[in-house]
1. How far apart, in nm, are two points set 7 Å out from the Cα along the Cα-to-Cβ line at VAL62 and at LEU83?
2. Taking LYS36 as the anchor, which lysines have their alpha carbon closer than 22 Å to its alpha carbon, excluding any fewer than eight residues away along the same chain?
Amino acid sequence: MIFVNALDDPLMPFPLLEPVIKFCSSNPGFMFILTKHGGHLGFLEGSSLSPSSVTWLDRLIVQLANGVINMMQKQVQHEKSLLYRNRFLKNFHISERQTQQV
């Protein structure tokens, strides 16, 4: 679960957020995101006469998803490089210990 709050939220001052931050930091299934801007209703943007179809929260979710995708791509690349390295060492009968001696 992800908790999202903005520092400029007039209804949720930072001291009220501290227990949530503490909870999230000690529970791996939870994440707390604190942004500089966003106000209290991050899903509303524009005015009642001219609402925006893309909101602050929409943009934040896209940024978060892009970050997760980028992180996963880097992890896959790292795992592939380890796999190729291990195959190379195995094909040439080189042990891990021998590579550390070089």
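1. Placing both labels 7 Å along Cα→Cβ, they lie 3.2 nm apart.
2. LYS22
Since every read-out is calculated from the coordinates, none of them should be taken as a lab result. In this text the structure is predicted, and so the values were computed from the model without any measurement. Counting neighbours? That spans all protein chains shown, and the Cβs are built from the backbone with ideal geometry, glycine included.
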